[in-house]
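Notes follow once the structure below has been shown.
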Amino acid sequence: MLKFVVRRALWTIPVILLVIFLTFVMMREIKGNPFRVTERAVPASIQRNLERKFHLDQPWYVQYGYYVKGVFTFDLGPSLTQRNQTVNDVIKEHFPVSLRLGLLAMIWAILIGIPLGVISALKQNTIVDYLSMTFVNAGYTLPNFFIATMLIYFFSVKWRGWTGLPTNGWDNGLDGWRTWILPAVALGHAPMTYFARIVRGSILETLQQDYIRTAKAKGLRWRRIVGLHVLRNSLIPAVTAAAPLLGFLIAGSFIVETIFSIPGIGRYFVNSVTGRDYSVTMGITVLLSIIIIVANLLVDIAYGFLDPRTRDPRT
Amino acid sequence: MSVQRGLGPASVTERRREFEAALGRTAEARSQEAGVALERASLWRDALYRFAANRAALVASLAFLVALGYAYITPWVDSADPYFVDFSEQYRPLSWAHPFGTDQFGRDLFVRNALGARVSIEIGFAATLAIMGVGILYGAISGFLGGWVDNVMMRFLDALYGLPYLPFAILTIVVLGGQATFWTMVVALTVASWFTTARVMRGQMITLKENDYVRAAQALGARWYRIVFWHLLPNTLGLIIVFVFLELPGVILGEAFLSFIGLGINPPKASLGSLAQDGYAAFQTHPYMIAIPSLAIGWLILSAFFIADGLRDALDPRTRG
Amino acid sequence: MRRRSIIWIAVAAVLAVVAAGSSAAATGSFGSAKQTRVLRLSIGAEPPSLDPGLATDTTSASILINILDPLIRLGPSPDLKPLPSAASSWKVKGTVVTLNLNPAVRWTTGEPVTAQDYVWSWLRTISPELGADYAYQFFGIKGAQAYNSCDPKKQNCNALRSRVGVKAVGKYTLRITLSSPQPWFIQQLSHSSFLPVYKPSVDKWGDKFTEASHFVGDGAFLLSSWKHDASVTLVKNPNWRLASKVKLDRVEMPIITDGNTAANAFDANNIDIDYSGVPPELIPKYKKTPAWHVDPSLGTYYYGFNVKNITDVNQRRAMAFAIDRSSIIKYITQAGQVPARGFTPRSIAGGTTIDKHAILPPTSQKAKAKAYMAKVKDPKKDIHLYVNNAPGHTNIATAIQAYWQRDLGLNVSTKVLEWKQFLEFLGPPPNTDVDVYRNGWIYDFPDAYNGLSLFTCDSGNNNTNWCNKQFDSLVAKAAKTADFDRRVLIYQKAEDLLDGPKGDMPIMPIYWYTFVHLDRKNVKGFLIEPTGNFDLTKVSVT
């Protein structure tokens, strides 16, 4: 078992290096001048000064070397467009916001999604099932930006008097909790539907298993069967799906962050790509891919514990 | 001759006749490939019956056809000039003349949404098929060959998972000439979304290659690509079809996302995503401009999803009989 | 049972993590103002930098002229006369400008701001090591461009540094030697790039000297906090030389990038001024209300031709005449812009005279356009129109495409490019596939020279491939003419070569920019100056 964990963990290092390299190549191929911010052209001498300052006049392998060194010394370099900030600053300022938003969205998704899935599975094909599945599917299929704008429109503008919810902004302090609600719901909506469906499917499958039938035949109370056997076994796929999902949530939804004016890492990342801020793009990509890869690793390890077949390197 | 199930012949002679007929049939089947042909005939007919019995899937298929009808018939019947600009017709509310209202240029939105749906559906299918192509190829090869090749290919896939979606899309668009046309969007969406298919395909391959007929084919000297393409892939056809309808929503949403960011299709052509982006700015005063394309996207995705569910139930060997 | 309680414990643990406030806990919500006089003003983007040498946009510039004291302030439109501020008086003789500084200007540490502070700050901005985007503002000073072009890795730049024409000839006297007589230089000094920085702060904190806790200024307000990508807060500087005239105690500037979100915040009374840009679709809602404010700006939105592709001047004129500028402004942009009659805005001093002969019509003139088109021997029918991917630009492009398609029978395809890609295609020189492109110019200083000099043969901002020696010589002559009225006449001749009756029409101006903001009724005195700055010392909240 330990060998499996170690081997799997060691593989993440070349993967992360590969991610850095591929992103580096991608950003170079996109071209575009990070220093030209408006239609106004940058005078040649100033362009040269800026390139020299940010090592862009060096050959590509030297630049790549800087990035790799930066990753391992935790100094990700200066931002090309936000001149008085380094990438570390950017991450320190914005990552906690995205982390909190992602966690809250996940909590919403779990708190609403799992019970919904359980109820519709246990009451399959009744009106309860149909209603909740319609609700869930509507949420899943409508685009993110639509749900976000509708939430603002109804809860923050039309019914402002009753809800007292602000239309935008994010206050990371505890008394700013009102600003967290709508964005978390908007972001957590899709994962919520995902959980509901997975849990429902998983419970339906479990209910068909022989041992459930045995338990019923033995005369156990339905409540105990559900609580003890069904839930425990059905929730596993949902829980293991949660880890990489959390990774994606934290990567931040650009759309939710823009519509709600949240200073998170998703919005910053998109702006850095469109603005060709190489160091910020590289830094955030590294951070996010580490999160996602580590999440995947944890899931694989969890599966390794739960299902011995996956430990076999031959499969 | 279809195999009858359940009821058997009454008498011994009939049973013997049945037995001999069955022998003859299996001999015939052996001369074909590993029983695939026989399985296939009953599998598809079976699946069709089960699919039709699934009410939700039927309704969804109907809904999908309605959407296709709207998208393709409407502009044909009610022609719309994409270069039409008449500011006096701006922002007209919903009416008989304009069932979905008009936009900021006075263009009728009923027709524009149909045109947009057309583009979205076409991009969706094109990208999905491309995703299938790339994903299946990669996954099948990786799964079948196994060993260190599989390991390396899967780790590479892990790395690709870690890459951010947006630079991928921009890069494809840039490399293909700079503006987002129909084909650049298709390629961009494909490049960024084929990973899951590859993974699933690989998993399937790993399970399937343990089958006896594969060993038999290998013993007979068949090369690996023949086994993969001629034997294994047809067995996964059902799964592939299900996957088409599962990936379609992701692609349509991806197109909407890219349009929302501004990387959408060139005006005056429209896709549902670009129409939604147009409507976003006006959502407080004219909410129908964003609601209608969003609901259209939802409609397409919902029906695709139930069709996929229905197909999966119909084709899944575990829940059969 | 035990498994379930584990789940509850896990949930509780996650909630605890979420609840633990981050270190950068925000205090102060954006609720309504308390007893102190607070102004809540939304800005549309995170300031890229609050270093005067590196601040490239109007938001940063505005914040800077409120936390630092500018040498010159500009008077009201249209003259925009230079008024004394940190410089109490000045003398211009040929290429030598002498500024006398006001001794009452002090850093927040109490030390006086001296001429040496300016010398050090300006040399720092011009230096090649800093990589300041706005170093070009200083290129009018003798030796500045040479120093900026020096490569510190290959040569010793100190010699060039000492030859830059900026010297402190007394504790409060600054002498500037220009490379040529530039009649607009005093007005140019009002720009934020000429503000001084506090050397000990820069020495101690390096790039971080602009953080709120490290910043030392000399202006009307103090930089109280800067939460990146979230908000900027200023408080009144009680020790400013004119502190008694400042009527605000605190200014909170939340950064709201999305126009819809900002409008919602304005409606919900979360902000007093919405300066994040009102999306055109919302404009009809606010236009008739007293909250609506439009201030003229010095800038031109125009479409440029690639004259190597569209070679016949009559075709260019036809395309310029087919555009209905008023309709575009009325129905698409809707922010009270002025249809451009020429390139130089009329709101600039002398603008009406400069544009007097320009022929561009405010509405479309289909007959004239068709007449021009008929004169074209070999018209280019397939037009590639390049814009970048912002909704405003694509909307305008859609309308213009329709006009050309419908009225001139051209086959126009709009190519929407992502921003940086678009800039690459712009060049100069523009990509060969580009026939028409959209462009805009915001004036650096309030003189027509800044706009007209764009179209000289070797201008780094001439994306048209148009080169006219006569135009170049007119522009060069104007730079040497100190007398205002004579200069205006020279500008007029130059403008005629662009869009006069015999002009070449390498560009097609569409409208002159405006600034739009929504103000609540309790806000008085807030306006955006034509250069894009806002002066908070003139604002009050009741």
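Each reported figure results from applying straightforward, stated rules to the coordinates on display, with no laboratory input. Because the structure is predicted, anything quoted here is derived from the model rather than measured. Glycine gets a Cβ as well: all are built from the backbone with ideal geometry, and neighbour counts include every protein chain shown.
Quick look at the numbers
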| item | result |
| --- | --- |
| Segments B:65-78, A:287-300, C:343-356, B:261-274 sorted - mean Cβ within 10 Å per residue, highest first | B:261-274, C:343-356, A:287-300, B:65-78 |
| DSSP H segments from chain C that extend 15 Å or more along their own axis, Cα-based, with Kyte-Doolittle mean of 0.5 or above | C:2-19 |
| Helical segments meeting 24 Å axial Cα length and Kyte-Doolittle -1.0 threshold in chain A (DSSP H) | A:2-30, A:87-122, A:178-207, A:231-250, A:278-306 |
| Helix-only CD estimate at 222 nm, as mean residue ellipticity for chain A, using -39500 (n - 2.57) per DSSP H run (n ≥ 4) | -23500 deg cm²/dmol |
| Loop-located trypsin sites (Lys or Arg not before Pro) in the range C:232-302, at most 14 other Cβ atoms within 10 Å (DSSP) | C:K288 |
| Calculated [θ] (222 nm, deg cm²/dmol) that DSSP helices of n ≥ 4 give over chain B, each run adding -39,500 (n - 2.57) | -23500 deg cm²/dmol |
| Relative contact order %, chain A, counting alpha carbon pairs below 8 Å whose residues are six or more apart | 27 percent |
| Sorted by Cβ neighbour density within 10 Å, fewest at the top, the residues C:V119, A:V157 | A:V157, C:V119 |
| Sequence of B:I227, A:I259 once ranked by neighbouring C-beta atoms within 10 Å, starting from the fewest | B:I227, A:I259 |
| Loop chymotrypsin sites (Phe, Trp or Tyr not before Pro), the range A:38-139 (other Cβ atoms within 10 Å of the site Cβ: 15 or fewer; DSSP) | A:F74 |
| Built amide H within the under 5 Å cut-off of C:V197, gap 5+ | C:S121 |
| The protein assembly as shown: antiparallel DSSP beta bridges as a percent of all, rounded to 5 | 80 percent |
| Furthest towards positive pole of dipole, B:L62, B:G221, B:L137, structure part chain B, Cβ charges | B:G221 |
| Exercise: per-residue mean of other protein chain Cβ atoms within 10 Å, C:272-283 | 2 |
| DSSP bridge pairs, chain C: antiparallel proportion in percent, nearest 5 | 75 percent |
| Of C:K285/C:K524; C:K288/C:K420; A:K69/C:K154; B:K269/C:K469, pairs whose Cα-Cα distance is over 32 Å | C:K288/C:K420; B:K269/C:K469 |
| The range C:463-542: trypsin sites (Lys or Arg not before Pro) in DSSP coil with no more than 12 other Cβ atoms inside 10 Å | C:K502, C:K521 |
| Residues C:D274, C:D499, C:D382, C:D295 arranged by fewest to most Cβ contacts within 10 Å | C:D382, C:D295, C:D499, C:D274 |
| Estimated dipole of the protein assembly as shown in Debye, rounded to 20 [Cβ of Lys and Arg +1, of Asp and Glu -1, Cα centre] | 1280 debye |
| Average beta carbon contacts from partner chains per residue of C:47-58, 10 Å cutoff | 3 |
| Dipole moment magnitude, nearest 20 debye, chain A about Cα centre, only Lys, Arg, Asp, Glu C-beta charged | 740 debye |
| Reachable aspartates and glutamates, given that their alpha-carbon falls under 19 Å from the alpha-carbon of C:K477 and they are not under 8 places away in the same chain | C:D355, C:D447, C:D458, C:D485, C:E495, C:D496 |
| Helix-only mean residue ellipticity at 222 nm for chain C, each DSSP H run of n ≥ 4 adding -39500 (n - 2.57), per residue, nearest 500 | -8000 deg cm²/dmol |
| Top positive-direction residue, dipole computed over the range B:43-319 with Cβ charges, set B:W76, B:L300, B:M154 | B:M154 |
| C-alpha long axis of helix B:165-175 to longest principal axis of chain B, angle in ° | 80 degrees |
| Shape of the range C:171-329, Cα gyration tensor, a/c cut at 1.5 | oblate |
| Normalised contact order of chain B, rounded percent, pairs of Cα under 8 Å and 6 or more residues apart | 23 percent |
| Cα shape, chain A, gyration tensor, a/c 1.5 rule | oblate |
| Dipole in debye (nearest 20) - the range C:212-299, about Cα centre, beta carbon charges: Lys, Arg +1; Asp, Glu -1 | 360 debye |
| Cross-link reach list, lysines versus C:K167, counting only Cα pairs under 19 Å and skipping chain neighbours closer than eight places | C:K91, C:K93, C:K142, C:K199 |
| GNM result for chain A, Cα springs below 10 Å: residue of A:L22, A:L204, A:L116 fluctuating most strongly | A:L22 |
| Helix B:195-208 axis, angle to chain B major axis (alpha carbon atoms, nearest 10°) | 10 degrees |
| Neighbour count of at most 16 Cβ within 10 Å plus DSSP loop: longest trypsin sites (Lys or Arg not before Pro)-free window in chain A | A:124-220 |
| Three-way shape label, chain C, alpha-carbon gyration tensor, a/c 1.5 | oblate |
| Cα lying deepest toward the dipole's positive end in the protein assembly as shown, options B:A180, C:P530, C:N239, charges on Cβ | C:N239 |
| Phi to ³J(HN,Hα) by Karplus 6.51 cos²θ - 1.76 cosθ + 1.60 over the range C:277-284, Hz, x for Gly, Pro | x, 9, x, x, 5, 8, 4, x |
| Whole-Hz ³J(HN,Hα) from phi, Karplus 6.51 cos²θ - 1.76 cosθ + 1.60, for the range C:443-454, glycine and proline x | 5, 7, 9, x, 9, 4, 4, 4, x, 5, 5, 5 |
| Around B:A282: net Lys/Arg minus Asp/Glu count, Cβ-Cβ under 15 Å | +1 |
